[in-house]
Each structure stands twice: as C-alpha cells, then as structure tokens.
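What follows is a short report on a single structure.
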Amino acid sequence: MIIVIQTLVFFRESLFAVFDRVFRPYIKHFALTFNRNNNVSDDEESEDHVFAEYDDEKGVIFCPPMYAQRYAAVSDCLMDERWCGKLEKVVDLGYHDMSFIKYLRDVPGVKQILGVDIESFPLRCSSDLFGSDEYAPKRETPLHISLFQGNAADPDYRLIGSDAVIAIEMIEHMYPHDLERLVHTIFGFIKPWIAVITTPNGDFNPLFKSLEKNGFRRLDHFFEWSREQFHDWCSNIVVRYPNYTVSCRGVGPGPPDTLRYGCCSQLALFVSKDYHKQRDLNLNSLALVAKAPSTNNEIQALDFPDSDCNMLCSPKKLNCTTLQVKKFSKKTQHLMAKNKMHSLEHTKEVVDEIRHLTRMLNFNNDSRVQAEGDHTWHNINWGENAPYWNQYYQLVKEYTYPFEPKSEECRILDLISDEINRVVDMQCDEDMDVNKVEIPIHHLMRVVQHITDDVDRVKDLLEWNGYEIAGDVVIYSRLTIDTVSVNSHENEWPDNETFSDVNKWFIGQPTS
Ligand SMILES: C[S@@+](CC[C@H](N)C(=O)[O-])C[C@H]1O[C@@H](n2cnc3c(N)ncnc32)[C@H](O)[C@@H]1O
Ligand SMILES: [Mg+2]
C-alpha cells in the first residue's frame with residue numbers, strides 16, 4: 001500500500017517535470033517567426049526530436065503530436081523568466097475538455113484557473129479531473145479551478161484580476177463580431193500581464209491533402225488566416241492597445257523542404273508594458289451600485305447580496321448628490337443595526353472599492369442597473385430580468401484542491417538542494433572528473449535569504465539531513481552519491497506513513 005502511495009506521489013509530482021523535460025527541448029525549435037529568413041534553431045539534437053513527415057494515407061504526421069507541440073509552446077510562454085511564478089490567476093478561453101488545464105495546474109505560481117467555453121458538452125466530460133483520486137497527495141500551493149459556460153467575448157466580472165489569458169485554437173471558431181468584442185474583453189477589460197493566442201496557419205493547409213475538397217479550409221472554422229493576416233490582426237491590436245507589445249511565431253514545423261509554408265499553427269504572445277494587477281472583485285460580497293456618476297450624479301447602492309461586507313458607501317466621497325438604498329440583505333441590515341446606522345452617511349465606507357467597481361464595470365451613460373422588487377434586475381439593454389451586472393457566464397463546476405504548505409525547513413532544504421545541484425552541474429560541465437565540490441555556506445544562504453538569515457540554523461538543518469559540513473563550506477562528494485542505490489534507501493525506511501517532509505526529502509541526497 002505504502003509503495004503504491006509513494007508511487008502515486010512520485011508520479012503526481014513528476015508529471016509536470018516530465019512534461020517539462022520532454023517538451024522543453026522542442027520548444028526552442030518551434031520558434032519560426034513570420035520573418036522566414038529568421039534562423040530556425042540549428043540545434044541538431046532538438047531537430048531530431050521535432051519533425052514532421054508525409055504519410056501517403058494520413059498526410060502530414062507531426063512528432064510529437066501537434067497538440068503537444070502547441071501546449072509546450074504555450075507553457076513555454078507562461079514560464080518565461082520575466083513572469084514565471086508570478087502568474088496567479090490564469091484564464092483558458094475555449095478550454096474544451098480541459099486538456100490544457102491539466103498542464104496549467106502545475107505551472108509554477110498558478111493559484112486560480114478559470115475555464116470559459118461556449119459549449120456545455122465538453123464541460124461535462126471534464127468532471128473527472130476534480131478530486132477523483134482521494135489518495136492523490138495534497139498540493140503544496142492552493143489552487144482553485146472554476147469552469148464557466150459562456151461566450152469568451154463577454155466581459156464577465158470574474159475575469160477581472162487575471163494575470164494571463166490563453167486562447168488555444170479558439171478564435172477561428174468565433175463570429176467576427178464576437179472576435180472583435182473578445183479583443184476588447186482581453187485588452188480593454190481584463191488587461192492581463194500576458195495573453196497567448198494560437199490559431200491555425202492557413203499558409204500551411206496545402207500540405208493537408210484531405211482539406212483539398214474544401215478549398216484547404218476546415219469546415220468548422222470561420223477563417224484560417226495566413227501568417228500575414230494573423231500578423232496584421234496582432235499588429236492592429238497593439239496599435240489600439242498601445243500598452244501591449246506582441247511577438248508572433250510558428251508552432252509545429254512541417255516536413256523537410258516545406259519551410260516556405262511556415263508552421264502548422266501560429267502563436268502570438270502579447271505582453272503588457274506596464275502591468276498592474278487589477279484588484280480581484282468578489283461581487284458575491286460586494287454592494288451593487290448603479291447609475292453612472294457621469295449621468296446625473298446619482299448612485300444607488302442596491303443590495304449587498306450575501307455580505308460579510310461592510311462595503312457601504314458615502315455619497316460625499318463618491319461625488320454624487322444622492323445615494324439611495326433600496327434594499328439591504330438581512331446580513332447588512334443586521335450590520336447596520338449593530339452599528340446603529342440609520343442612513344448611509346453614517347455607515348463605514350469602502351468608497352474606493354465602489355469607485356473601483358464602477359470603473360471596472362465600465363459604467364457609462366448606458367449603464368444603468370436598478371433593482372426592482374425581489375432580485376429582479378432591469379437595465380436598458382436587457383429590460384426586465386437582466387442578468388446580474390457583468391455576470392455573463394454560468395458556473396458549471398468549481399473545485400478547490402486540498403493543499404498543505406511545505407514546512408519552512410523543507411522549503412530551505414529544497415532551495416539549497418536545487419542550488420547545490422546547479423553548482424555541481426556547472427562544475428561537472430567544466431570538468432567531468434570532478435568528484436568533490438566545496439560550496440561556501442554563505443553562497444547557499446543567498447537562495448534562502450527570503451526565509452532566514454540564520455546561518456547556524458541552516459548548517460544544523462543540512463547536517464541533520466546528511467550533508468557534510470566543514471567550517472563554513474558544504475562538501476558535496478559525487479562518489480558518495482554514485483554508490484548509493486535507490487534500493488538501499490528504500491530498505492532504510494520504516495514501513496509507516498509518519499515521515500516528515502524533511503525525511504522524504506532526504507531520499508537520494510548525499511550522505512556523509
Ligand atoms: C478547437 S477547440 C480548442 C481546444 C483547446 N483550447 C485545446 O487546444 O485543447 C475550440 C473550443 O473553443 C470553444 N469556443 C468556440 N467559440 C467560443 C466562444 N465564443 N467562447 C468560448 N469558447 C468558444 C469551442 O466550444 C471549443 O471547445
Ligand atoms: Mg479547430
């Protein structure tokens with residue numbers, strides 16, 4: 001049983017590493033930009049790994065499969081060192097059966113994933129990804145996934161605060177007017193740090209014989225752009241949203257001698273020049289406000305739906321003349337009574353929040369939301385029974401993964417282990433025969449300085465975990481590791497589940 005669990009633990013933790021190891025070598029090779037004269041990687045080894053060939057029956061065959069090359073290229077964008085580990089909230093538009101979300105879950109730093117798809121059928125298929133394995137180890141970092149059904153073109157408020165937006169092979173399935181709105185939803189409403197968009201390369205289609213009878217276009221796509229058209233579309237976006245830069249490249253090179261067609265897919269990476277994370281609005285606990293201040297200087301706080309919220313607002317601070325409260329939820333009424341509040345002027349204000357909200361939701365002269373009766377909403381676009389403001393998507397499924405943060409000791413040991421491995425690898429690259437590496441403890445302290453500056457504590461920890469320490473240096477001996485077999489370690493383990501993370505970590509580390 002223990003072995004099975006350990007295998008599962010290992011497998012789960014290794015998945016992403018494997019994905020990374022398998023695909024990363026290919027990724028550099030994918031970089032075929034629109035400029036056909038640009039260099040294709042001349043790394044012969046990676047060329048061996050990524051290739052395509054003709055098959056008389058099947059047409060072009062990609063190795064690795066095209067979807068895997070695409071996912072690798074998108075993952076590569078997400079793990080760019082400029083933001084790796086800092087993209088916390090990521091949206092996958094057109095996520096289909098969650099195939100990419102499986103990988104997204106393990107991208108460093110990601111804590112919240114939103115999936116939006118217009119179809120409901122794929123959503124049902126994806127349910128097995130959630131909590132199906134009760135023996136799966138807890139995550140070390142929190143992760144919440146929400147799947148929505150809706151049109152990605154609609155600026156649903158739950159998209160606010162997203163650091164990255166991904167749309168893999170989705171835009172060609174959109175109506176032109178939706179695509180136009182999507183551009184604004186991404187770059188004018190969400191304003192993420194990065195956006196990664198992929199779409200087929202129409203130039204490549206002559207290589208697919210099976211498409212010939214349909215004019216070299218796929219039936220379910222509204223368009224398939226040439227590289228030039230995609231490039232134009234991207235350039236136009238950055239002209240309209242000048243806070244963004246864009247770089248385009250091909251993904252999935254064709255068989256030899258077809259370079260002139262470019263790659264099978266094309267990818268655009270948009271990067272914000274000056275990213276400020278938008279505050280994530282939790283409207284579930286937020287007062288709803290209506291009537292644009294610009295129209296008649298009137299704001300109405302309509303309801304505080306299920307609030308823990310004390311987000312009541314004051315008209316003076318909002319620069320408006322009247323502020324009416326039509327209806328409060330019970331909880332808010334209770335809060336008001338408790339604080340002996342009779343009118344809004346005397347309530348605690350969270351004015352910035354309200355202001356922020358009005359800005360976020362793009363209130364303008366057409367934006368009026370009013371509460372009429374019990375939970376009936378009315379606005380000039382929808383009339384009666386308008387949807388909750390900016391709540392366009394329907395939540396289909398959400399899941400919070402159980403997690404257990406690593407102990408501080410464990411984090412220190414992991415960081416130091418990585419650093420030691422890095423230094424040892426460097427030394428070995430320079431001199432293959434090196435068997436012993438001495439690393440000053442002060443060098444290692446740098447990688448844990450955000451956790452501790454206590455040198456003695458770190459030394460003790462390292463010694464406890466089998467490192468050889470002499471004075472102020474850690475001695476790493478390659479011979480020791482080479483003679484340690486995995487089996488010998490396994491046999492040393494008592495057969496119970498009470499090991500601390502520190503003990504687990506100790507497997508495979510050098511012993512003194
Ligand atoms: C070819 S699939 C992409 C699959 C997935 N992104 C991947 O690469 O594995 C296109 C997906 O986009 C979805 N889609 C099409 N139009 C959409 C829209 N306007 N809003 C949201 N999703 C849309 C479709 O339902 C479909 O699941
Ligand atoms: Mg498609």
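The values are calculated or read from the model by the stated rules, or taken from the named source; none is laboratory data. Note that the structure is a prediction, hence the values are computed from the model and not measured. Ideal geometry is used to build each Cβ from the backbone, glycine not excepted, and the neighbour counts take in all protein chains shown. For accessibility, only protein heavy atoms count, side chains too; no ligands or nucleic acids. Shrake-Rupley method; radii C 1.70, N 1.55, O 1.52, S 1.80 Å.
Work the Kirkwood hydrodynamic radius out for region 120-239: mean of 1/r over every pair of different alpha-carbon atoms, inverted, in Å. It would help to have the intermediate numbers written out before the result.
Numbers: mean 1/r = 0.0585 Å⁻¹.
So the Kirkwood estimate lands at 17.1 Å.
Quantify how much of the Cα-Cα distance distribution of region 411-458 extends past 17 Å, in percent. Before the final figure, lay out the partial values.
Values: 403 of 1128 pairs.
Result: 36 percent of Cα pairs exceed 17 Å.
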Where the centre of each part is set by its Cα atoms, how far does region 396-469 sit from region 146-217, in angstrom?
41 Å
For His231, His221, what's the largest-to-smallest order of accessible area, 1.4 Å probe?
His231, His221
So what does Glu408 come to for accessible area, using a 1.4 Å probe and Å² rounded to 10?
80 Å²
Simple label model, 7 Å out from Cα along Cβ direction - Glu430 to Glu119, nm:
5.5 nm
Taking the full set of protein chains and a 1.4 angstrom probe, give the accessible area of Leu211 in square angstrom, rounded to the nearest 10.
20 Å²
Using a 1.4 angstrom probe on the protein heavy atoms only, line up Phe189, Phe216, Phe222 by accessible area, largest first.
Phe222, Phe216, Phe189
With a 1.4 Å probe and all protein chains kept in place, how much accessible area does Phe51 have, in Å² rounded to the nearest 10?
80 Å²
Semi-axis lengths (Å, descending) of the ellipsoid that matches the C-alpha gyration tensor of region 179-262:
28, 15, 10
Under-5 Å amide H pairs with Asp97, H placed in peptide plane, nonlocal only
none
Using a simple spin-label model with points 7 Å from Cα along the Cα→Cβ vector, what separation in nm is obtained for His221 and Leu395?
3.6 nm
Quick one: Karplus J couplings for region 147-157, per residue in order, coefficients 6.51, -1.76, 1.60, θ = phi - 60°, nearest Hz, x for Gly and Pro?
10, 10, 9, x, 8, 4, 6, 7, x, 5, 4
When the Cα atoms of region 51-98 are enclosed in a convex hull and the volume is divided per residue, what value in Å³ results?
99 Å³
Heavy-atom accessible area order for Arg227, Arg446, Arg105, largest first, 1.4 Å probe:
Arg446, Arg105, Arg227
Out of residues 5 or more away from Leu143 or on other chains, whose amide H comes under 5 Å of its own, with H placed 1.01 Å from N in the peptide plane?
Tyr401
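Set the Förster distance to 45 Å, then compute FRET efficiency between Ser407 and His184 from the Cβ-Cβ distance, nearest 0.05. Don't skip to the answer; put the middle values down first.
Working: r = 46 Å, r/R0 = 1.02.
Calculated value: 0.50.
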For Arg422 and Val473 in the same chain, what is the full-extension length gain: residue separation times 0.36 nm, less their Cα-Cα distance, in nm?
16.8 nm
Provide the per-residue ³J(HN,Hα) series for region 417-434, in order, calculated from phi with Karplus coefficients 6.51, -1.76, 1.60 and θ = phi - 60°, each as a whole number of Hz, with x at glycine and proline positions.
4, 4, 5, 4, 4, 5, 5, 4, 4, 4, 5, 5, 4, 6, 9, 4, 8, 5
